[in-house]
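The values are calculated or read from the model by the stated rules, or taken from the named source; none is laboratory data. None of the values given here were measured: they were computed from a predicted structure. Please note: Cβ atoms are built from the backbone with ideal geometry, for glycine as well, and neighbour counts cover all protein chains shown.
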Amino acid sequence: MAKTEWKAGNMLYPLPAVLVTSKSGDGVPDVCTVAWCGTVCTNPPMLSISLRPSRKTYENIMATGVFVVNVPGEDLARATDYCGVRSGKNEDKFKAMNLTVETAPHTDCPMLAEAPVSIECKVNKTEELGSHTMFIADVLAVHVEESFVDEQGGFHFSDCRPLVYSHGEYCGLGKSHGTFGWSVRKKKGPSLMKKGRKKRKDYENFH
Ligand SMILES: Cc1cc2nc3c(=O)[nH]c(=O)nc-3n(C[C@H](O)[C@H](O)[C@H](O)COP(=O)(O)O)c2cc1C
């Protein structure tokens, strides 16, 4: 392989393209697409999103201190793009994209019924970094679509067909290349994720 050096920029892909739901100080809901997001701590569970101050979502989170990260499936690709190019300052994007608002129980925030995963967050720290302000938040609760949970309580995330954002393109997950720890497993067997609660706890503690 031969690499060409490029000037410093954002080139860490793929990322999830999530739909962040929030509400204004006087209770008007909004939804906005965010790709600058990530998991930042296992215990306590924390994640971050980075927003430009010009976003309505930024104003909402500054006013309320809470938001919900909704992970869209591939079926929400159009809504995900739309909510990233139109502002809640000018229109109701839920109505425009036919999205259903539910109320998240721990934050009283709007939450998307159509997203298979919704993560309720409360801002813990705000970091002004430059173009973007990073909201580092505690995860208060996670809501997952029941049809992706098996009888043992295992959640099959990939079955949600989460939408991925890669350098300007929306994609699906593609082919699986193994499960966590497969490179050191002696015998072929079920993945840790499928082995029940104790092993799943081991998996969670490893990250
Ligand atoms: C794929 C995609 C990813 C985006 N990621 C971010 C992001 O991480 N941070 C941000 O401030 N804006 C991001 N945007 C832009 C906002 O979603 C966009 O400005 C939106 O209109 C803001 O909506 P609001 O004003 O209703 O909050 C992204 C847009 C797209 C299409």
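Summary of values
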item: Only listed residue being β-branched (Val, Ile, Thr), out of contact with any Phe, Trp or Tyr (no Cβ under 9 Å at 6 or more places or on another chain) and in contact (Cβ under 8 Å) with a residue 60 or more places away in the chain, chosen from Val164, Val139; result: Val139
item: Subset of the stretch 112-125 (residues that are more than 22 Å from Tyr170 (Cα to Cα) and touching a residue at least 40 places away in the same chain (Cβ under 8 Å)); result: Glu120, Cys121, Lys122, Val123, Asn124
item: Cross-chain or 6+ apart pairs with Cβ under 7 Å, the stretch 78-96 first and closer than 23 Å to Gly172 by Cα, then β-branched (Val, Ile, Thr) and within 6 Å of the ligand (Cβ to nearest atom); result: Thr80/Thr33; Cys83/Thr33; Gly84/Thr33
item: Residue list for the stretch 101-123, filter: surrounded by 23 or more Cβ atoms within 10 Å (Cβ to Cβ), within 14 Å of the chain's Cα centre (by Cα) and part of a loop (DSSP other than H, G, I, E, B); result: Ala115, Pro116
item: Residue check for Phe155: surrounded by 16 or more Cβ atoms within 10 Å (Cβ to Cβ), in contact (Cβ under 8 Å) with a residue 60 or more places away in the chain and assigned by TED's automatic domain parsing to the domain that holds Pro110; result: no
item: Among the candidates Val40, Val85, residue that is within 25 Å of Gly9 (Cα to Cα), over 17 Å from the mean Cα position of the chain (by Cα) and either part of a loop (DSSP other than H, G, I, E, B) or hydrophobic (A, V, I, L, M, F, W, C) (or both); result: Val85
item: Residue identified as surrounded by 15 or more Cβ atoms within 10 Å (Cβ to Cβ) and within 26 Å of Gly174 (Cβ to Cβ) among Cys37, Cys32; result: Cys37
item: Considering residues of the stretch 2-37 that are more than 14 Å from the chain's Cα centre (by Cα) and not in a loop (DSSP other than H, G, I, E, B) only, the residue nearest to the ligand (Cβ to nearest atom); result: Asp30
item: Test result for Met97, within 16 Å of the ligand (Cβ to nearest atom), over 17 Å from the mean Cα position of the chain (by Cα) and buried (at least 18 other Cβ atoms within 10 Å of the Cβ); result: yes
item: Hits in the stretch 43-69 - residues which are within 14 Å of the chain's Cα centre (by Cα), buried (at least 19 other Cβ atoms within 10 Å of the Cβ) and more than 13 Å from the ligand (Cβ to nearest atom); result: Val68
